[in-house]
Amino acid sequence: MGMPIKKSRRFVRRSTKWIAIEAKCGGSLNLAFVDPEGPEDLNWHTIHRLAQVNRMDMIINFPTSGITRLFASENYETVDKFFGTDEWRQNTLREEKAAVKRRRWIDLYRRRLQPYGYHVVTSEDVSALREYIARNSRNAQLYTLIFVSKHELGDKLWQGVLDYLKQRRLF
């Protein structure tokens with residue numbers, strides 16, 4: 001049995017603070033795999049702390065189905081905390097198509113990482129998108145793995161991972 005949710009979130013905040021302090025002190029290369037169960041479990045403040053580390057790449061499990069669920073239930077405050085802004089509301093509250101909403105959410109999230117020095121690619125350059133989309137047996141989108149790096153080599157390595165995953169799907 002896992003930790004109660006409140007204790008778990010407090011643990012994540014403390015751990016993130018410790019990781020950021022440790023990584024800033026050394027010359028290490030860092031990779032954070034951010035894997036929340038849903039958007040309720042990931043506050044922008046956590047991403048902000050990790051992004052402040054100079055050499056921190058991140059693989060973020062962007063919970064598209066969870067955001068869609070919260071959006072449908074009009075739980076906008078939780079979505080605001082996930083994005084660290086209410087900017088997502090401007091374009092997506094009016095939008096009808098789910099695929100367009102999801103794309104705008106991911107693009108906004110990526111743009112929010114740009115001030116930290118991450119290379120940001122949005123849907124304006126679809127050929128350069130470096131994402132892995134996970135779908136269920138009915139082809140519904142569950143989540144998107146987003147990779148962000150402050151160095152071109154990180155982007156190149158991630159592209160190699162995606163190429164490998166695409167090849168495996170062919171067989």
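Since every read-out is calculated from the coordinates, none of them should be taken as a lab result. Here the structure is a predicted model, which is why all the values come from computation and not from measurement. Cβ sites come from the backbone with ideal geometry, for glycine too, and all protein chains shown count toward neighbours.
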Legend entry - Backbone N under 19 Å from the A72 label point (7 Å along Cα→Cβ), restricted to segment 31-62: 37-41, 62
Legend entry - Sites Q167 and S28 - FRET efficiency at Förster radius 30 Å, r taken between beta-carbons, to 0.05: 0.45
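Are there GluC sites (Glu not before Pro) in segment 51-89 that DSSP puts in a loop and that have at most 15 other Cβ atoms within 10 Å, and which ones?
E74, E87
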Legend entry - P(r) histogram, all alpha-carbon pairs of segment 29-158 included - 5 Å bins from 0, percent: 2, 10, 21, 25, 21, 13, 6, 2, 0
